[in-house]
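Right, one structure below, let's go through it.
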Amino acid sequence: MTKAVNTAKDVMKVVNTAKDVMEAVNAAKDVMKATNAARDILKITAGLEMTMIEKKMFNRRLSRIGQDKNLTVNRRKNLWLIITAFGFWIFGFALTAQAQTPLSPAAKHVLQAYLEIVQQEKPDFPGFEAKLGEKFYFAEREHSKKEDTRSCALCHGDDPASIGQHVTSGKTIEPLAPSANSERLTDAKKIEKWFRRNCKWTIERTCSVEEKGHFLKFLYSF
């Protein structure tokens, strides 16, 4: 009888430990949600411009937090408190934040090279714009022979900083944004090779230098 009682106690300890582990996992998930949402709040409160992707992800995060059936009332309340508190805590740094992530020396070199080429034909060209690069990234184009619609986002996804998947082969594609993949789009020769292959597949022609510059400016903004 005593052995049975002790065994039951041991089982209860294991169950309680499992519950503690699950609570820790849920807490970690909450912190991640809060961190992502607070990062977006930082941009908004600091008056920093959000890209179309960031706006979609921000609205999606807030919607998920509000609709998550697995969240108890107390956890949901605590999560909102975390988001708000963390958002205000980092607000002090927002005054000195820049609208875009500082470019790496390699990225600056590539953009400068493209800029000089464009300005040879357009001396008054002011520079590349991430907004135009974003528009190019999401633009859908009808293929003349394959009878399908193609875009950069079709394979690389709505978020270039996330893993993509090739629509034809199903092959996993590493993140396109250099901030998430340091091997991406920082070497001039590799960049030109990448543009030759992907421009032909996506828009059935060579991308102009101006298009390349806007496109890279957008990817470097992550």
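Some points to look at:
- Here the range 128-152 is the region considered, the condition is being part of a loop (DSSP other than H, G, I, E, B) and hydrophobic (A, V, I, L, M, F, W, C), and the residue that is farthest from residue 221 (Cα to Cα) is 139.
- Odd one out for residue 179, checked against (1) in a loop (DSSP other than H, G, I, E, B); (2) over 15 Å from the mean Cα position of the chain (by Cα): (2)
- Residue within the range 99-118 that is part of a loop (DSSP other than H, G, I, E, B), basic (Lys, Arg) and modelled with pLDDT under 95 present: no
The values are calculated or read from the model by the stated rules, or taken from the named source; none is laboratory data. Bear in mind the structure is a predicted one, so any value in this text is a computation, not a measurement.
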